[in-house]
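For reference, the structure discussed in these notes is given below.
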Amino acid sequence: MRLLGIETSCDETAASVIEDGTKILSNVVATSSEMHAKTGGIIPEEAARQQAVSIIPVIKKALEEAGSKKEDIDKIAVTSGPGLIGSLLVGVETAKTLSYTWEKPLIPVNHLAAHIYANWLEEKGPELPGLALVISGGHTDLVLMKDHGNLEWLGGTRDDAAGEAFDKTARLLGLRYPGGPSISRMAEEHLKNKGVKLDLFPRPLIDAENYEWSFSGLKTAVIREVERNGKKDISRLAAEIQEAITDVLVAKSLRAIKKIKPKTFLLSGGVAANKRLTTKFKSELKNTDVDFRVPPPELCTDNATYIATFAFFNQNDTSWKKVIANPDLEITGEA
Ligand code: KG4
Ligand code: ZN
């Protein structure tokens, strides 16, 4: 079965053709992040305009690269939320038009739950139940995945998301948007120094007996540090920020793993592309029974492969008339 996935929730316009849920036949991503880098963050109106410009060429390219014509596509999958409303509408309305004119079933997809499915784009899919940490630009969610379509939300962030913490603190340091990759690149320099101690910034809620995070205090701590000592050594500050964020993500996830004892731990979302974070998880889970899964970095950040994969495992065929964009959809919500 071939699915065409379409993703336009934020500043990436993406389309992908996936065979039998797990085989990538094409993965095309156009991003307007260069444009947002100039303004230091996303301007929703601009992102939506760019989506409208890119959507048809991106879908056309994804079909061509997959060697597929419309006759070869069995179903269409599209992100219906959460995200920026203007951006979402471009993908949703395009997918509805294709569904109507091609007479193919349409499957609306929850972007957050779909991130987890980047872990199925391998030969051997993970076993369930799995504990999934979804860390993206707007969300930090810990969920228990008992089965496909059966997610239980365990906890998340009280304020800023993990990706947001990277993006906002990077901006304070004058680093380029998106902040995660910029901070991680800068931090690498500093981490080359053997035996560096990284304890400058607070690790909020690290010892709290819950599955909650809080990252907004980090911003304030970085502002204070810059006011006090200036931006003297950016690579050291970047390493300190990365360490504070990854320490709490790891510590609290490990506590949940110990308590819940899932078969697998599934990392996903843009922040899962962070090497320091995945190295920490790998070393902590090395000698345990828990199978640690993280997608390759290019499948962690937004693309349409896992949108189609999610749709394959949750075949919720819906009439195009009933599919609507929902910017506020939560990870356990129905798309
Ligand atoms: O999942 P994603 O591509 O888009 C959303 O659904 O939000 O996540 C984007 C977020 C941004 O905040 C970006 O700074 C962060 O993922 N990110 C990273 C890295 N690559 C992307 N954060 C830390 N380290 C990275 N290497
Ligand atoms: Zn995302």
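The values are calculated or read from the model by the stated rules, or taken from the named source; none is laboratory data. Everything numeric in this text was worked out from a predicted model, so none of it was measured. Cβ atoms come from the backbone with ideal geometry, glycine included; neighbour counts cover every protein chain shown. Ligands, DNA and RNA are excluded from the accessible area calculation, which covers all protein heavy atoms including side chains. Shrake-Rupley method; radii C 1.70, N 1.55, O 1.52, S 1.80 Å.
Give the dimensionless ratio obtained when the Cα radius of gyration of the range 264-335 is divided by 2.2 N^0.38 Å.
1.41
Report relative contact order for the range 251-335 in percent, whole number only (criteria: Cα-Cα under 8 Å, sequence separation at least 6).
28 percent
Relative to the longest principal axis of the chain, what angle (0 to 90°, nearest 10) does the C-alpha long axis of helix 44-65 take?
Roughly 60 degrees between the two axes.
Rounded to the nearest 10 degrees, what's the angle between the helix 234-260 long axis and the longest principal axis of the chain, both from Cα atoms, 0 to 90?
For helix 234-260, the angle is close to 70 degrees.
Between the helical axis of 275-285 and the dominant principal axis of the chain, each derived from Cα atoms, what acute angle in degrees is found, rounded to the nearest 10?
Its long axis makes an angle of about 80 degrees.
Local charge sum around Arg158 (other residues, Cβ-Cβ under 13 Å, Lys/Arg +1, Asp/Glu -1)?
Once all neighbours under 13 Å are counted, the net charge is -4.
Just to be sure I follow: if Rg is taken over the C-alpha atoms of the range 229-306 and Rh is the Kirkwood radius over the same atoms, what is Rg/Rh?
1.05
To the nearest 20 debye, what charge dipole does the chain have about its Cα centre, counting +1 at the Cβ of each Lys and Arg and -1 at the Cβ of each Asp and Glu?
Values: 42 positive and 46 negative charges, 170 e Å.
Using Cβ point charges on Lys, Arg, Asp and Glu, the chain gives about 820 debye.
With a 1.4 Å probe and every protein chain kept in, tell me what percent of the accessible surface of the range 205-303 is carbon plus sulfur.
Values: 2200 of 4490 Å².
That share works out to 49 percent.
What is the list of residues in the range 4-31 whose amide nitrogen lies under 16 Å from a point 7 angstrom out from the Cα of Glu122, following Cα to Cβ?
Taking a point 7 Å out along Cα→Cβ of Glu122, the residues of the range 4-31 whose backbone N falls under 16 Å are 22-24.
Given Lys23/Lys69; Lys61/Lys104; Lys194/Lys261, which pairs have Cα atoms separated by over 24 Å?
Those over the limit are Lys194/Lys261.
Helix-only mean residue ellipticity at 222 nm, the chain, DSSP H runs n ≥ 4 weighted -39,500 (n - 2.57), per residue, nearest 500. What is it?
For the chain, the value works out to -13500 deg cm²/dmol.
Protein chains only, probe 1.4 Å: how do Leu112, Leu172, Leu98 rank by accessible area, largest first?
Sorted by accessible area, descending: Leu172, Leu98, Leu112.
Could you list the GluC sites (Glu not before Pro) in the range 161-223 that lie in coil according to DSSP, counting only those with at most 14 other Cβ atoms within 10 Å of their Cβ?
Filter output for the range 161-223: Glu209.
For the range 24-68, just the Cα atoms, rotate onto the principal axes and tell me the three extents in Å, largest first.
Extents along the principal axes, in whole Å: 38, 17, 11.
Describe numerically, in nm with one decimal, the distance between label points set 7 Å from Cα along Cα→Cβ at Ala251 and at Asp72.
About 5.1 nm separates the two model spin labels.
On the principal axes of its Cα set, how long, how wide and how thick is the range 49-161? Give whole Å, largest value first.
Largest first, the range 49-161 extends 41, 34, 22 Å along its Cα principal axes.
What does the range 112-161 give for Rg and for Dmax, in Å, if only its C-alpha atoms count?
Rg then Dmax for the range 112-161, in Å: 11.4, 37.
Which value, in debye to the nearest 20, gives the size of the charge dipole of the range 149-219 about its Cα centre, when Lys and Arg are +1 and Asp and Glu are -1 at the Cβ?
Taking the Cα centre of the range 149-219 as origin, the dipole is about 500 debye.
Could you point to the residue in His139, Trp102, Thr246 farthest towards the positive end of the chain's charge dipole, with +1 and -1 charges on the Cβ of Lys/Arg and Asp/Glu respectively?
Looking along the dipole axis, the top candidate is Thr246.
Based on Cβ point charges of +1 for Lys and Arg and -1 for Asp and Glu, what charge dipole magnitude is obtained for the range 13-99 about its Cα centre, in debye rounded to the nearest 20?
Rounded to the nearest 20 debye, it is 140 debye.
Taking one equal scatterer on every alpha-carbon of the range 123-252, how large is log10 of I(q)/I(0) by Debye at q = 0.11, 0.16, 0.17 1/Å?
Values, matching the q order: -0.43, -0.81, -0.89.
Over the chain, consider all pairs of different Cα atoms and compute the Kirkwood hydrodynamic radius from their mean reciprocal separation; express it in Å, one decimal.
Numbers: mean 1/r = 0.0494 Å⁻¹.
Mean inverse Cα-Cα distance, inverted, gives 20.2 Å.
Using θ = phi - 60° and the Karplus form 6.51 cos²θ - 1.76 cosθ + 1.60, what ³J(HN,Hα) does each residue of the range 120-128 get, whole Hz, x for Gly and Pro?
For the range 120-128, the Karplus curve yields 9, 8, 9, 4, 10, x, x, 8, 10 Hz.
Of Leu112, Leu191, Ala47, which is farthest towards the positive pole of the chain's charge dipole, taken about the Cα centre with +1 and -1 on the beta-carbons of Lys, Arg and Asp, Glu respectively?
Leu191
With a 1.4 Å probe and all protein chains left in place, how much accessible area per residue does the range 86-242 have, in Å²?
Numbers: 6980 Å² over 157 residues.
Using a 1.4 Å probe on heavy atoms only, each residue of the range 86-242 averages 44 Å².
With the other protein chains left in place, how much accessible area per residue, in square angstrom, belongs to the range 256-328 at a 1.4 angstrom probe?
50 Å²
In the range 4-117, carbon and sulfur make up what percent of the accessible area (probe 1.4 Å)?
Summing carbon and sulfur atoms, their accessible area is 54 percent of the total for the range 4-117.
For the range 63-102, which semi-axes, largest first and in whole Å, follow from the square roots of 5 times the eigenvalues of its Cα gyration tensor?
Equivalent ellipsoid semi-axes, largest first: 22, 11, 8 Å.
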